[in-house]
Amino acid sequence: MDVPVNSREGVEPPRDLGEVGDSSYREGTRGPAAGGNALGEKGEAKPGGVASHETYAGFWQRAGALLLDVLFLWGFLSLVHALDTLLGRVPSFLGDALLWVGYFVASTYALGGTLGKLAVGIRVVDERGRKVSFGAALLRETVGKLTSTFFWGFGFLMAAWDDYAQALHDRMARTYVVLSTSGEPTSAEQRAF
């Protein structure tokens, strides 16, 4: 049965919902019919979803990836600042911020994740398990992460107990962080190109 997975595509509930309380459909599920996503519990395939072998990345995997990204960016910015000092220029906070945001947005869009995510074997996908759009990457990495940071990082911590391991910025951009089981793109990613 083909079910649209995006509420913007005019999602209609499947016809075989059964009675309320029936085991085939439970109120509060996050499947496509409930306006949720195409990914099932802990990664099993849903109509239009990701391959069944993928699972959601855990909180500590994501934290490790962020640590690697911070170390990479710190090292890179240290080199840029040293070069600026040698050339007699004053490093710019705005330039640093733009480089930081540009790195996260560009790598999430172009590579499916930052260098830290790729190093620990995780990637960011959309509701259908495909490469994220530029708009979703921009929303996730700017407004989404600022919002996740706002209350002492609570938005980031949400990934620790969420059923889909989504942080607040993932929910805002309708993205998921999943394990990469191989270096080859999935069939869903191939269709996106």
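The values are calculated or read from the model by the stated rules, or taken from the named source; none is laboratory data. None of the values given here were measured: they were computed from a predicted structure. Please note: Cβ atoms are built from the backbone with ideal geometry, for glycine as well, and neighbour counts cover all protein chains shown. When the accessible area is computed, the model is the full protein with side chains, heavy atoms only, and any ligands, DNA or RNA have been set aside. Shrake-Rupley method; radii C 1.70, N 1.55, O 1.52, S 1.80 Å.
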First compute the accessible area of region 54-115 with a 1.4 Å probe, then give the percent of it belonging to carbon and sulfur atoms.
-> 80
Taking a ≥ b ≥ c as the square roots of the eigenvalues of the Cα gyration tensor, with a/c under 1.5 meaning rounded and otherwise prolate when a/b exceeds b/c and oblate if not, region 66-193 is prolate
Of 161, 60, which has the most accessible area with a 1.4 Å probe, and how do the rest follow in descending order?
-> 60, 161
Residue 179 versus residue 92: modelled label distance in nm, points set 7 Å from Cα along the beta carbon direction = 4.4
Between residue 115 and residue 55, take the C-beta separation as r, use R0 = 25 Å, and let me know the FRET efficiency to the nearest 0.05.
-> 0.70
Given the protein chains as shown and a 1.4 Å probe, how many square angstrom of residue 145 are accessible, to the nearest 10?
-> 30
Using a 1.4 Å probe and counting only protein heavy atoms, arrange 134, 93 so the residue with the most accessible area comes first.
-> 93, 134
By accessible area with a 1.4 Å probe, ligands and nucleic acids excluded, highest first: order of 123, 140 = 123, 140
